[in-house]
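Below you'll find the structure, written out as structure tokens, and then a few comments.
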Amino acid sequence: MLQFVSDWTIAELTERCAEALADRDAPDSGRIRAVPDERAIRYYTTLGLLDRPTLRGRTALYGRRHLAQLVAIKREQARGATLAEIQRTLPTLDDAALAALAGVEVVPAPRPTGRAEFWRARPATPSPASPASPSPVPAAAASALALRVELELGGGLRLSLTPDRPLTDADVAALHAAAAPLIAELARRHLVTPPESSP
């Protein structure tokens, strides 16, 4: 598995991507570039295929996860996948799955704290006795409640489960990745409508 240091400029990221793809699958077509240029990297970011870079002053910096995402995009294109298909699956991959697909080691980013973490936290569940109660349920009482989770998988499919513990982002990503082949097969058999693809 390839290892690289972090904190590259966009030009350095394209060089690292070219190195990573030099002896591997890359698209061989006049329509798709074998190695993404700076414009393509910015486009992939707007599509949500590539994480946003960190900023140091006015300089955008990229790391190993960005490299793994770019290599994965190009490998999937080499296998014939469209950007719309890649857009449905790539953002759902956790670091381990992304590293396995790309062949590039991904070092997990530190978990954000503060405001961003607030939006990731599970909402408090109201007590059954008072469903409109604005006060959160104490932790001991919340663990005793069976919380049903519904996860939209795409193609009109939902997964409904009562997990033994709260789902993490990695759990959700793994469930989406595991469901992708099922959704593709159901769509191929015209049993569900495939998820909408973005232009």
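Every number here is computed from the coordinates shown, using simple stated rules; none is lab data. It should be emphasised that the depicted structure is a prediction, and the values quoted were computed from it without experimental measurement. With ideal geometry, Cβ positions are generated from the backbone for all residues, glycine too; neighbour counts draw on all protein chains shown.
Laid out as a table, the results:
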| quantity | calculated |
| --- | --- |
| Sequence-distant residues sharing a close amide H with T54 (under 5 Å, placed H) | L61 |
| Likely footprinting exposure, V71, V104, V149, V35, fewest C-beta neighbours within 10 Å first | V149, V35, V104, V71 |
| Estimated inter-spin distance, A22 and Y43, nm [label 7 Å along Cα→Cβ] | 2.6 |
| Global form of the range 45-98, assessed from the alpha-carbon gyration tensor, a/c cut-off 1.5 | prolate |
| Cβ crowding within 10 Å averaged over residues, with 168-174, 59-65 ranked highest first | 59-65, 168-174 |
| Whole-Hz ³J(HN,Hα) from phi, Karplus 6.51 cos²θ - 1.76 cosθ + 1.60, for the range 61-78, glycine and proline x | 10, 10, x, 5, 4, 4, 4, 4, 5, 5, 5, 4, 4, 5, 5, 5, 5, 5 |
| Three-way shape label, the range 10-108, alpha-carbon gyration tensor, a/c 1.5 | rounded |
| Relative exposure of E150, E12, E76, E38, judged by other C-beta atoms within 10 Å (fewest first) | E150, E38, E12, E76 |
| Added length on full extension, which subtracts the Cα-Cα distance from 0.36 nm per residue, T9 to S160 | 50.1 nm |
| Amide H contacts of V149 (H built 1.01 Å from N, under 5 Å, at least 5 apart or other chain) | L161, T162 |
| Sites A84 and D171 - FRET efficiency at Förster radius 25 Å, r taken between beta-carbons, to 0.05 | 0.50 |
